[in-house]
Amino acid sequence: MIYTNPEEVLSRLDDLQQGFGEAVATFFPGGSDYRVCFLGDSVWIVKELSPQESQEELWPRFCGHLFAVSSLLQETETRIGNPGLRVIMSYGRLFQLSRPKSWQHPIIAPFAANWYVLTGGSEALAKCDKAEHMGSKGGFEGGYCWHGILEQPNHYHGTPLYSIPRDQWCQPQLYLGLYHQMLAKADHTAELKFPPWR
């Protein structure tokens, strides 16, 4: 279809991007400022922090939120016979230094509500990509949520993905608790073989 009807491909991709963002907001709200895009068979969900925001404060909530989303996706994938997910959560410097909010321009915003241009968050995306390429041979097993350790760049805890009870859906106040559950259930560690980042 990419070759025979590229307009249809773009339309379907746009619908998929918007639908994914809306589904995240429906079941596990709180990600209205996330950027969502697709690259190959991977979904990238990115939150950019302003200089006034604290990474130490927001990282646990972000991880808890995405763990909740991942639990739903994992359950859906395995129910239809797929092997499931490998989730990688990374942090890193933002390299989009000039006009980082240009996507919010009134002319662009309607088309960018669920689209993340890969010119920001470069370091975190590179770390996720490297971990994905290392895969199980590099210690990043499938069926796990791999979450970066703030105090140790390039080091990750691995927590087996498990279902979140449905009575916990739609409750953003529980995301911090989910993060601490993730940490308590982590039973693997892995390290990126990558240039050290701070």
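Here is a list: Gly139, Gly135. Which entry is at pLDDT 90 or above and touching a His at 6+ places or on another chain (Cβ under 9 Å)?
Gly139
Hey, could you check region 168-188 for residues that are assigned to a helix (DSSP H, G or I) and aromatic (Phe, Trp, Tyr) and say which is surrounded by the most Cβ atoms within 10 Å (Cβ to Cβ)?
Per the stated criteria, the residue is Tyr179.
Which of the residues spanning region 13-51 are polar (S, T, N, Q) and either modelled with pLDDT under 75 or outside any helix (DSSP H, G or I) (or both)?
Hits for region 13-51 are Gln17, Gln18, Ser32, Ser42, Ser50.
So in region 35-54, with the set limited to residues that are within 20 Å of Pro83 (Cβ to Cβ) and aliphatic (A, V, I, L, M), which one is farthest from the chain's Cα centre (by Cα)?
Across region 35-54, the extreme among qualifying residues is Leu39.
Here is a yes/no grid of residues against (1) modelled with pLDDT under 80; (2) outside any helix (DSSP H, G or I); (3) buried (at least 18 other Cβ atoms within 10 Å of the Cβ); (4) of a type in the set (Ser, Thr, Tyr):
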{"position": "Glu53", "(1), (2), (3), (4)": "no, yes, no, no"}
{"position": "Glu57", "(1), (2), (3), (4)": "no, no, no, no"}
{"position": "Thr76", "(1), (2), (3), (4)": "no, no, no, yes"}
{"position": "Gly81", "(1), (2), (3), (4)": "no, yes, no, no"}
{"position": "Ile88", "(1), (2), (3), (4)": "no, yes, yes, no"}
{"position": "Phe111", "(1), (2), (3), (4)": "yes, no, no, no"}
{"position": "Cys145", "(1), (2), (3), (4)": "no, yes, yes, no"}
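The values are calculated or read from the model by the stated rules, or taken from the named source; none is laboratory data. Remember, it's a predicted structure, so these values are computed and weren't measured experimentally. Cβ: placed from backbone, ideal geometry, glycine included. Neighbour counts: every protein chain shown.
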